[in-house]
1. Once fully extended, how much extra length lies between residue 85 and residue 304, figured as 0.36 nm per residue of separation less the alpha-carbon to alpha-carbon distance?
2. Cα extents of segment 210-305 along the three principal axes, largest first, in whole Å?
3. So, taking all protein chains as they sit and a 1.4 Å probe, how much accessible area belongs to residue 65, in Å² rounded to tens?
4. Net charge within 13 Å of residue 337 by Cβ-Cβ distance, Lys/Arg positive one each and Asp/Glu negative one each, not counting residue 337 itself?
5. What is the distance in Å between the Cα centroid of segment 21-46 and that of segment 181-200?
6. Leaving out same-chain residues fewer than 8 places away, which aspartates and glutamates sit with a Cα under 15 Å from that of residue 74?
7. Per the Cauchy relation, a quarter of the hull surface: what is the mean projected area of the convex hull of the alpha carbons in the chain, in nm²?
8. How much accessible area does residue 139 have with a 1.4 Å probe, in Å² rounded to the nearest 10?
Amino acid sequence: MEPVRRRTRSVRVGALTLGGGAPVRIQSMTKTDTNDVAATVRQVRTLARAGCEIVRVAVPGHDAVAAFAAIRAKVSLPLVADIHFDHRLAIACIDAGADKVRLNPGNIGGTERMQEVARRAGERGCAIRVGVNAGSLEKDLQLKHGGATPAALVESAVRAVRDLEAVGFRAIVVSLKASSVLHTIAAYRLAARALRYPLHLGVTEAGWGLAGIVKSSVGMGALLADGIGDTLRVSLTDTPVAEVRVAREILSAVGLRRVGVEIISCPTCGRCGIDLQRTARAVRRSLADITTPLTVAVMGCPVNGPGEAKAADFGLAGGKGRAVIFSRGKIVKTVPESSMIDALVEAVREQSGRHERGRGRV
Ligand code: SF4
């Protein structure tokens, strides 16, 4: 079962489309110093291998524009320049080949500057994300609404969108991020009614570890289940690859996209014949780089093990110091517990390797 997606305009971002029925795209942001071109390019490539489809790079000053141009020349993934305060940075990044620029209406300096960027973006086929953030909302809207309420965030976005439309610009994506999960959900629901542009989902500053994952999953999962959202970025105090993995899991959990390996593992009980927790963790870690959608079952005993392992793309059914390895519903071998992880990983890689090797330059 899949959610019924909200219809939006479609917006090109490099070779990809956002909205208009296109798959929900996974984004992340590099955490390297943008001026360190080699490290940033390395991180973009690592993100692409992890399943990230659009990468945003911070451009905090004019020296970073040259670095952005150098990064642009080295990667083919759609690249977004993240701009605050100075609209001239946005224009320079558009000239350097940005596929999208993120502008914050709360700090970019008003209508004329927004429109100046839009004119150049229109000439160059670059999209603009109107990226409203509760932490930097315009003062007049804070006063009007009594703070950065969901309605205030949406009014900020609508005002910026109208500014862009006034100069004929429509390659617009909108985000309304707050660190409160409920505010975020309410703001996106309002925006989905007010605007027909693709929505970029995010719960900003979600934090670290389990709490950050849960906040992101609840906020974005609720919206995606309602059909709202065309691209998402999970913001964690963690590596960007961790963000991409969480985004993949969220999309998979709501039935929107299967990207990479979904592990089906039993909760274990008194019948469990193998060290299942360690096995499931090791299998997941070993297959984390695979982006082809696959199900891999790791089951502890003969009760449900063979059934689940057979139904999955690949599987392992353990018991009494041995494990049966399944590939596409068929038993391929029975191995001792000591080599079952290697045997399962090998079976998966043998079958999926050709597709993964065929992936293009990132
Ligand atoms: Fe228990 Fe076996 Fe079910 Fe796992 S598959 S929970 S070990 S009965």
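The values are calculated or read from the model by the stated rules, or taken from the named source; none is laboratory data. Quantities reported herein were computed from a predicted structural model and do not represent experimental measurements. Every residue, glycine as well, gets a Cβ built from its backbone with ideal geometry; the counts of neighbours run over all protein chains shown. Note: areas computed on protein heavy atoms with side chains; ligands, DNA, RNA excluded. Shrake-Rupley method; radii C 1.70, N 1.55, O 1.52, S 1.80 Å.
1. Numbers: separation 219, 0.36 × 219 = 78.84 nm, distance 5.75 nm.
Contour length minus the Cα-Cα distance gives 73.1 nm.
2. 42, 28, 27
3. Estimated to the nearest 10 Å², residue 65 gives 20 Å².
4. Values: positive: 278, 320, 322; negative: 275, 342.
Computed value for this residue: +1.
5. What the calculation gives is 25 Å, centre to centre.
6. Of all the aspartates and glutamates, those that pass the test against residue 74 - Cα under 15 Å, at least 8 places apart if same chain - are 36, 99.
7. Working: hull surface 73.8 nm².
If I average the Cα hull's projected area over directions, I get 18.5 nm².
8. For residue 139, solvent-accessible area is about 150 Å².
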